[in-house]
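First comes the structure, then the notes that go with it.
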Amino acid sequence: MADLTLRDVKKSYGNLNILHGIDLDIKSGEFIVFVGPSGCGKSTLLRSIAGLEEITGGTLEIAGEKVNDVPPSKRGIAMVFQSYALYPHMTVYDNMAFGMKIAKESKAEIDKRVRAAAEILQLTKYLDRLPKAMSGGQRQRVAIGRAIVRNPKVFLFDEPLSNLDAALRVATRIEIAKLKESMPETTMIYVTHDQVEAMTLADRIVVLKDGRIEQVGTPMELYKHPGNLFVAQFIGSPAMNILPATIERAGETSLVSHLAGRKSPVPVATPSDAQGKAVSFGVRPEDLYVATGDDFLFEGMVDYVEQLGEVQLVYVDIGRPDQPLTAKLPGNVEIKRGTVIRLAASADDLHIFGGDGRSYARRRTAVAA
């Protein structure tokens with residue numbers, strides 16, 4: 001059982017600041033995912049928790065103990081990297097047992113833990129194989145098993161699936177989800193740039209940008225209630241459509257006007273002084289649908305269609321100077337390039353962001369974790 005507490009954690013290399021005062025509480029047994037674009041500081045933050053990077057400010061506590069100056073080997077942490085880093089001349093059994101042998105654990109204890117980890121990861125029948133005789137996904141599971149046998153307080157995963165092909169990535173992601181279910185009291189922190197991994201694995205997601213936390217929440221909280229424009233466009237694929245708009249009427253339900261003078265009521269509260277101000281109006285591509293009557297949000301010509309089978313991405317020219325509107329529609333709906341289409345969305349799926357990029361509070365409904 002291990003809670004983690006980060007208070008004003010900073011990391012810099014000379015005059016280059018990487019982490020700018022990170023405050024975060026991680027509960028024992030949580031699966032936390034750090035996500036963000038390249039260079040946002042997620043791997044640096046993970047390595048700082050592991051002790052592989054020395055923090056230059058703030059405090060880090062694990063299980064109530066300040067560990068700023070505690071060496072990595074004494075923090076009760078096991079880390080799985082992008083690279084499997086297996087010894088090619090050793091069997092799977094010996095690779096998994098190596099750390100325990102160095103720590104001079106008894107042969108009986110080593111055998112017990114290695115076989116227990118192999119059972120969890122479905123590696124029992126491969127224990128006598130060399131790494132070269134295994135697939136990439138199996139090798140990554142061996143690397144995870146090597147971490148499991150250490151019986152750590154905290155697991156750290158640094159983009160462990162990035163070297164796998166698409167099919168293996170899905171299969172190994174499922175294995176990691178099952179691993180978490182089998183170890184409910186173990187805290188896990190996972191770094192990825194892949195939002196699918198973040199959405200499917202995390203209890204909570206920490207969205208990072210430029211060394212700062214943008215928002216922390218469950219996957220559906222971030223998807224349904226993004227705190228700002230960055231989170232709104234980073235979480236979800238394709239990205240949320242963002243359009244310039246004006247608050248025509250402020251209040252508990254706001255009236256927003258956008259392209260071509262269309263006006264839409266949005267169940268988002270805006271203060272009275274917001275009336276007449278320029279804002280950003282957002283709607284996710286998957287929340288749009290083809291309108292059959294005069295009640296619609298957008299009208300425009302279909303510029304391009306990407307048919308993906310189950311769904312299709314439809315790009316519509318609605319007069320935006322920068323880019324077309326994107327709609328994610330069922331694949332069995334016939335949409336032809338060059339035709340005019342009308343699109344609508346439920347008012348509950350519309351978003352408003354102020355001039356500072358922050359979202360206005362909406363009337364919340366229950367959101368599944």
Practice task
For Tyr223, indicate whether it is surrounded by 21 or more Cβ atoms within 10 Å (Cβ to Cβ), of a type in the set (Phe, Trp, Tyr) and assigned by TED's automatic domain parsing to the domain that holds Gln82.
Solution key: no
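Listed here are the residues, each with its yes/no results for (1) free of Cβ contacts under 8 Å to residues at least 24 places away in the same chain; (2) in the same structural domain as Lys11 (by TED's automatic domain parsing); (3) surrounded by fewer than 16 Cβ atoms within 10 Å (Cβ to Cβ); (4) over 30 Å from Tyr13 (Cα atoms).
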position	(1), (2), (3), (4)
Lys74	yes, yes, yes, no
Ser83	no, yes, yes, no
Ala117	no, yes, no, yes
Asp128	no, yes, yes, yes
Arg139	no, yes, no, yes
Exercise for the section: Assess whether Val256 counts as being touching a Ser or Thr at 6+ places or on another chain (Cβ under 6 Å) and either assigned to a loop (DSSP other than H, G, I, E, B) or free of Cβ contacts under 8 Å to residues at least 60 places away in the same chain (or both). Expected result: no
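Which residues, taken from region 13-55, are small (Gly, Ala, Ser), closer than 15 Å to Asn68 by Cα and free of Cβ contacts under 8 Å to residues at least 60 places away in the same chain?
Once the filter is applied, which keeps residues that are small (Gly, Ala, Ser), closer than 15 Å to Asn68 by Cα and free of Cβ contacts under 8 Å to residues at least 60 places away in the same chain, region 13-55 yields Ser48, Gly51.
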Exercise for the section: Output the residues belonging to region 56-92 that are outside any loop (DSSP other than H, G, I, E, B), within 23 Å of Ser135 (Cα to Cα) and at pLDDT 90 or above. Expected result: Val92
Exercise for the section: Take Ala143 and decide whether it is in contact with a Phe, Trp or Tyr (Cβ under 7 Å, 6 or more places away or on another chain), touching a residue at least 24 places away in the same chain (Cβ under 8 Å) and within 30 Å of Leu24 (Cβ to Cβ). Expected result: yes
Exercise for the section: Scan region 298-321 and give yes if some residue there is farther than 14 Å from Leu259 by Cβ and without any contact (Cβ under 8 Å) to a residue 12 or more places away in the chain, otherwise no. Expected result: yes
Completion exercise
Matching residues in region 323-340 (part of a strand (DSSP E or B) and either aromatic (Phe, Trp, Tyr) or within 19 Å of Leu243 (Cβ to Cβ) (or both)) number 6
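The values are calculated or read from the model by the stated rules, or taken from the named source; none is laboratory data. Since we're looking at a predicted model, the values are computed, not measured. Note: ideal-geometry Cβ built from the backbone for every residue, glycine included; neighbour counts use all protein chains shown.
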